[in-house]
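Enquirer: Structure provided below as structure tokens; questions to follow.
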Amino acid sequence: MPGSSILEPEFLRKLHGLSLVAKKVFAGQLKGDKRSLRRGASVEFTDYREYAPGDDLRYVDWNLYARLEKMFLKLFVEEEDLNVYFILDASRSMAFGEPHKIEYARRVAAALGYIGLAHHDRVSVSAIGNGPVRQMPSVRGTAQAMRYFDVLAQFQAEGPGRLAESLKEFAQRASRTGVAVILSDLLDPDYEAGLKALAYRKFQAVVVHILDESETHPPYVGDLKLVDSETGETREVTMSQGFLNHYRKTLDSFLARAQGSCMRYGMDYLRTTTSVPFEELILKYFRKIELLR
């Protein structure tokens with residue numbers, strides 16, 4: 001899939017005016033569109049405080065000193081850029097469904113990443129699968145959008161997953177924290193350890209749990225041979241009503257655990273299937289969890 005076809009120009013125009021929301025305060029590198037609560041010399045005055053020995057005399061309000069005969073420092077709100085990391089699960093199970101779950105994940109990362117680039121956030125993307133984390137260095141500005149789309153298009157779903165280990169590796173390697181958007185089907189029984197690592201580094205994490213409609217509502221009946229997309233293991237089953245009832249209970253437990261894990265670590269959780277219209281997911285549901293405004 002060429003990078004240029006990930007998002008249609010008409011849809012890109014609908015993203016103009018949207019911005020990614022940082023709920024935490026992160027240390028930025030350059031001035032950008034995000035407001036920090038840190039105080040310093042910048043563009044917008046916000047308050048005063050009394051002068052203390054060692055303070056920079058350049059920020060003393062001398063007009064106020066002439067009236068009150070006391071020295072006060074001007075305080076300003078700094079505007080900083082935001083680091084936004086997209087982490088795509090590129091394990092083999094993400095190649096399941098129609099469209100493939102990884103295709104859906106790529107489009108989500110493309111749309112949200114484009115919004116970040118348009119607001120001069122620092123945007124990077126990583127693919128995590130059965131090998132070392134593959135990461136594109138951070139870029140800024142819409143001039144980098146095509147490069148970013150092309151990198152996304154190159155990520156393929158292959159090999160057994162190691163989501164927990166990859167997330168831990170990512171958390172350890174990241175030089176700066178920021179917003180981390182994880183796009184995965186969470187089909188790694190140990191994924192919570194990876195979420196814990198991100199929480200420990202104080203990322204603002206958003207887990208986008210992507211499943212295929214046939215995983216949530218299996219359409220199968222009769223005698224079948226199931227193949228584990230991660231390991232290749234096969235199992236013969238009879239899809240009776242009793243089996244389907246057991247499957248639904250197991251699925252409900254799996255989904256509840258995923259949502260509960262995110263709540264435990266202070267992360268946003270958004271579950272979707274690839275049957276949800278992509279435009280609706282971006283323009284409606286990401287606003288509901290307040291990642292976009």
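Enquirer: Given charges of +1 on the Cβ of Lys and Arg and -1 on the Cβ of Asp and Glu, with all other atoms neutral, how large is the dipole of the chain about its Cα centre, in debye to the nearest 20?
Expert: Details: 40 positive and 39 negative charges, 192 e Å.
For this selection, approximately 920 debye.
Enquirer: Between Ser214 and Thr250, 0.36 nm times their residue separation minus their Cα-Cα distance comes to what? Present the calculation step by step, with values, prior to reporting the outcome.
Expert: Values: separation 36, 0.36 × 36 = 12.96 nm, distance 1.48 nm.
Once the chain is fully extended between Ser214 and Thr250, it gains 11.5 nm.
Enquirer: For the chain, set up a Gaussian network in which alpha carbons nearer than 10 Å are linked by springs, and say which option among Ala157, Ala105, Ala199 fluctuates the most.
Expert: Largest GNM mean-square fluctuation: Ala199.
Enquirer: If you don't mind, another one. How far apart, in nm, are the 7 Å Cα→Cβ label points at Glu8 and Arg147?
Expert: So the two model labels end up 2.9 nm from each other.
Enquirer: Using the per-residue mean of other Cβ atoms lying within 10 Å as a proxy for protection, in what order, highest first, do the peptides 138-149, 187-198, 106-117, 244-255 fall?
Expert: On the way: 138-149: 16.2, 187-198: 19.7, 106-117: 24.7, 244-255: 12.5.
Listed from highest to lowest mean packing, they are 106-117, 187-198, 138-149, 244-255.
Enquirer: State the dimensionless ratio Rg/Rh of region 190-293 (Rg: radius of gyration of Cα atoms; Rh: Kirkwood radius).
Expert: Details: Rg = 16.7 Å, Rh = 16.0 Å.
Result for region 190-293 is an Rg/Rh of 1.04.
Enquirer: Restricting to Cα pairs below 8 Å that are 6+ residues apart, what does the relative contact order work out to for the chain? Please round to a whole percent.
Expert: 19
Enquirer: Here's a follow-up. Ordered by residue, what ³J(HN,Hα) values in Hz, to whole numbers, does region 117-123 give under the Karplus form 6.51 cos²θ - 1.76 cosθ + 1.60, where θ = phi - 60° and Gly and Pro are x?
Expert: These are the phi-based 3J(HN,Hα) values: 4, 5, 9, 6, 6, 8, 10 Hz.
Enquirer: Using +1 on the beta carbon of Lys and Arg, -1 on that of Asp and Glu, and nothing else charged, what's the dipole of region 209-286 about the Cα centre, debye to 20?
Expert: On the way: 8 positive and 12 negative charges, 75 e Å.
Result for region 209-286 is approximately 360 debye, rounded to the nearest 20.
Enquirer: Return the single residue from Arg92, Arg271, Arg13 with maximal mean-square fluctuation; model: Gaussian network over the chain, springs between Cα atoms under 10 Å.
Expert: Comparing Arg92, Arg271, Arg13 in the GNM, the peak value goes to Arg13.
Enquirer: Continuing with this model, one more query. Taking neighbour counts of Cβ atoms within 10 Å as a proxy for exposure, in what order, fewest first, do Asp61, Asp55, Asp121 appear? Write out the running numbers ahead of the final one.
Expert: On the way: Asp61 16, Asp55 13, Asp121 27.
Listing Asp61, Asp55, Asp121 from fewest to most nearby Cβ atoms yields Asp55, Asp61, Asp121.
Enquirer: Let me know the volume per residue of the alpha-carbon convex hull for region 110-175, in Å³. All intermediate terms of the calculation are to be shown ahead of the outcome.
Expert: Details: hull volume 5.5 nm³, N = 66.
Each residue corresponds to 83 Å³ of Cα convex hull volume.
Enquirer: Which of the following values of Cα extents along the principal axes in Å was calculated from the structure shown: (1) 90, 39, 33; (2) 106, 54, 39; (3) 48, 46, 40?
Expert: (1)
Enquirer: OK, next. Quick one: Cα centre-to-centre distance for region 128-186 and region 194-248, in angstrom?
Expert: Rounded to whole Å, the Cα centres lie 22 Å apart.
Enquirer: Name the residues whose placed amide hydrogens come within less than 5 Å of the amide hydrogen of Arg122, ignoring near sequence neighbours (fewer than 5 apart) on the same chain.
Expert: Hits under the 5 Å cutoff: Leu82, Asn83, Val84.
Enquirer: Between Glu98, Glu280, Glu215, where does the largest GNM mean-square fluctuation fall for the chain, given springs only between Cα atoms within less than 10 Å?
Expert: The residue that fluctuates most here is Glu280.
Enquirer: Then there is this: Rounded to the nearest 500 deg cm²/dmol, what is the calculated helix-only ellipticity per residue at 222 nm for the chain, with -39500 (n - 2.57) per DSSP H run of length n ≥ 4? Provide the component values of the computation, followed by the final result.
Expert: On the way: 8 runs with 91 residues, N = 293.
Estimated from H runs of four or more residues: -9500 deg cm²/dmol.
Enquirer: Got a sec? How would Leu68, Leu18, Leu167 order by Cβ neighbour count within 10 Å, fewest to most? Don't jump to the answer; show the numbers that get you there.
Expert: On the way: Leu68 10, Leu18 21, Leu167 30.
If I rank by nearby Cβ atoms, fewest first, I get Leu68, Leu18, Leu167.
Computed from the coordinates by the stated procedures, all read-outs in this text should not be read as laboratory data. The structure presented is a predicted model; accordingly, all values stated were derived computationally and were not measured. Here the Cβ is made from the backbone with ideal geometry for all residues, glycine too, and neighbour counts use every protein chain on show.
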